[in-house]
Amino acid sequence: MEDCIFCKIVNKDIPSNIIYEDDKIMAFEDVNKMAPVHILVIPKDHIPSINAIDEGNKDIIAHISVNISKLAQKLGIYDTGYRVVINCGKDGGQTVEHLHYHILGKRALTWPPG
Ligand code: AMP
């Protein structure tokens, strides 16, 4: 997707602080951190939102899932805990239309969200 900011990050057309990368996914720091640890995990393929997850791309989603706790270990939040957030659509607060998992930690997070 030419005009997708996260596709540009995947293609290294714009810089990011990459925490992890393999052939299917990338994890990088959010530019607007809401916690001392705040990273985004994305599929390299352009999947617009959680609404677009289906049988055809479920392997990528499983791959993200198995990597989340590994990333938590790497980031030092595995034992203290963390939150994984996927925003979807306007009411969900999604601002970038490329599926992304926020991983937030290193502080106590309030619940419920506003
Ligand atoms: P959401 O509101 O769930 O769509 O989250 C989008 C997130 O992307 C926000 O937390 C932004 O701070 C973050 N973001 C936007 N542009 C960039 C960028 N170039 N590099 C890193 N994070 C970004």
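The values are calculated or read from the model by the stated rules, or taken from the named source; none is laboratory data. Please read all numbers here as calculations on a predicted model, not as lab measurements. In this analysis, Cβ positions are derived from the backbone assuming ideal geometry, glycine residues included, and neighbour counts consider all displayed protein chains. SASA here: full protein model, heavy atoms, side chains in, ligands and nucleic acids out. Shrake-Rupley method; radii C 1.70, N 1.55, O 1.52, S 1.80 Å.
Side notes on the structure shown:
- Pairs with Cβ under 6 Å, 6+ apart, first in the range 5-16 and under 12 Å from His46 (Cα atoms), second open to solvent by less than 20 Å² (accessible area, probe 1.4 Å) and aliphatic (A, V, I, L, M): Phe6/Ile42; Val10/Met26
- Only one of the listed residues (Asp79, Asp59) is closer than 19 Å to Glu21 by Cβ and of a type in the set (Asp, Glu). That residue is Asp59.
- Scanning the range 17-49 for residues that are in contact with a Phe, Trp or Tyr (Cβ under 9 Å, 6 or more places away or on another chain), assigned to a loop (DSSP other than H, G, I, E, B) and open to solvent by less than 40 Å² (accessible area, probe 1.4 Å) yields a single hit, Ala35.
- Near pairs, Cβ below 8 angstrom, 6+ apart or cross-chain, from the range 67-93 (over 12 Å from Ala35 (Cβ atoms) and in contact (Cβ under 8 Å) with a residue 12 or more places away in the chain) to any residue that is open to solvent by 60 Å² or more (accessible area, probe 1.4 Å) and assigned to a helix (DSSP H, G or I): Ile86/Ile50; Cys88/Ile50; Cys88/Asn51; Gly89/Asn51
- Once the range 6-16 is narrowed to residues that are in a helix (DSSP H, G or I) and surrounded by 18 or more Cβ atoms within 10 Å (Cβ to Cβ), the residue that is farthest from the ligand (Cβ to nearest atom) is Val10.
- Identity of the residue in the range 76-89, more than 18 Å from Ile47 (Cβ to Cβ) and not in a loop (DSSP other than H, G, I, E, B), that ends up most open to solvent (accessible area, probe 1.4 Å): Tyr82
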